[in-house]
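Here's the structure we're looking at; comments come further down.
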Amino acid sequence: MNFYESIGGEIKKFALPSMYNYLYSVSSLLNNRTYEDFKNWRISEYSKLQEPQLILNNENKQFLFEQLFFAYKLMNNVKFLSAQPETERVSFIQVGGMAFYYASYSLAACFIYCHSKNILGTHAKTYKNYSTVCEKLSFPFNVAGRYPNASFKGNEFQITKGQNEFGSQFQYDTQSLKRTNMSGFDYKSCVLSYLMGSHKFYWDHSQYYKEAMKELRRQELSNFRSNAGKAVREQKFNQMPEANYLSCLYRLRGKINYRDSLFSLYYLSDMGFNTYEKGTEIVRIMLEILKYFSLDVEAYLLHRLGGNNFYKNLLDDIMLSTRGYNFFFPEFQKNIFYPSP
């Protein structure tokens, strides 16, 4: 018996293995291309869209600069964490997870801004608006979906974006998120499972559910079982946004930042590796996902902004130096879009 159990606590897996399996699957689906090949592929795909070059004023430029600077600085933090000795890395997993989350949202904000020029005040608004444009991104960043109603029957989940990746021959593995074997993952099933779970999670914790409960009390209904109760529930449920990549990360943020962080590296004997190895893998995978997501968003920015000097100056200023602060990361992106002399 370990200490936590000895004082009356119940050991829970919480974020593991599902959190790790989801991140592992996203990373594995991206790693079928090198950074250079991925970049060339994304630039080629975006060039087919034939969208006009964006005309930016100083306010537009300020927003993009601030968001990209913030994203790269946080990526720098994850890179710094990954470079620490293995025995010192574990205590910073929570910090790394939060840096991963906020960097992803900042990059997504730039992508959305290039479509609407809207500054979205909350992350809930960001992930909601992300669904309207994310299909342009690469798989699995482009997947979104929802349940048709609040019964949450798994076989009824509707993939609304990125459907082509889940063709008629796709066989869904319902146990993918629970697997503890580190080989032979069904990556697509893991991504889809976490998307499905995220949609249900948001309903259970959303303002819409709270409003439905309030309406039940107003109508003096005790639950959602009656036809009137079901009507209340479904009316509010239909206002729920789709689940997408960003809403999955929002759910991950809760796992990493709150009570789950206590257990995320605590009880791992059945996972087949020790705590230090787990910490190494989580940080490595978060960094890999950030690299590919940033390259995808950058490729789109190059498509929309590449016809003027602002884009080149923006990346040069952020990546090389800003007010005397030299970035030690992201080194992997230097020389990809604009080779240094």
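Brief remarks on what is shown
- For the range 71-127, a tally of residues being charged (D, E, K, R), over 17 Å from G279 (Cβ atoms) and crowded, with 21+ Cβ neighbours inside 10 Å returns 0.
- Where helices (runs of 4 or more DSSP H) fall wholly inside the range 47-149, the ranges with 1 or more residues that are in contact (Cβ under 8 Å) with a residue 40 or more places away in the chain and touching a Gly at 6+ places or on another chain (Cβ under 8 Å) are 58-82, 86-89, 93-116.
- Counting only helices (runs of 4 or more DSSP H) that fall entirely inside the range 187-260 and contain at least 1 residues that are in contact (Cβ under 8 Å) with a residue 24 or more places away in the chain, under 30 Å from S138 (Cα atoms) and in contact with a Cys (Cβ under 6 Å, 6 or more places away or on another chain), the qualifying elements are 187-204.
- For the range 202-212, the criterion of being on the phi > 0 side of the Ramachandran plot and not small (G, A, S) is met by no residue.
- Selection status of F152, of a type in the set (A, V, I, L, M, F, W, C), at positive phi and at pLDDT 90 or above: yes
- Number of positions in the range 147-161 that are of a type in the set (A, V, I, L, M) and under 23 Å from N227 (Cα atoms): 1
- First in the range 150-177 and closer than 20 Å to W203 by Cα, second anywhere and part of a strand (DSSP E or B), Cβ under 7 Å, 6 or more apart: F157/G145; Q158/G145; Q158/R146; I159/G145; T160/A144; T160/G145; T160/R146; K161/A144
- For I285: the one exception among (1) over 16 Å from the mean Cα position of the chain (by Cα); (2) modelled with pLDDT of 75 or more: (1)
- In the range 236-277, the qualifying residues are those that are surrounded by fewer than 20 Cβ atoms within 10 Å (Cβ to Cβ) and among the polar types (S, T, N, Q), and the one that is modelled with the lowest pLDDT is S269.
The values are calculated or read from the model by the stated rules, or taken from the named source; none is laboratory data. Computed from a predicted model, the values in this text were never measured in an experiment. Ideal geometry is used to build each Cβ from the backbone, glycine not excepted, and the neighbour counts take in all protein chains shown.
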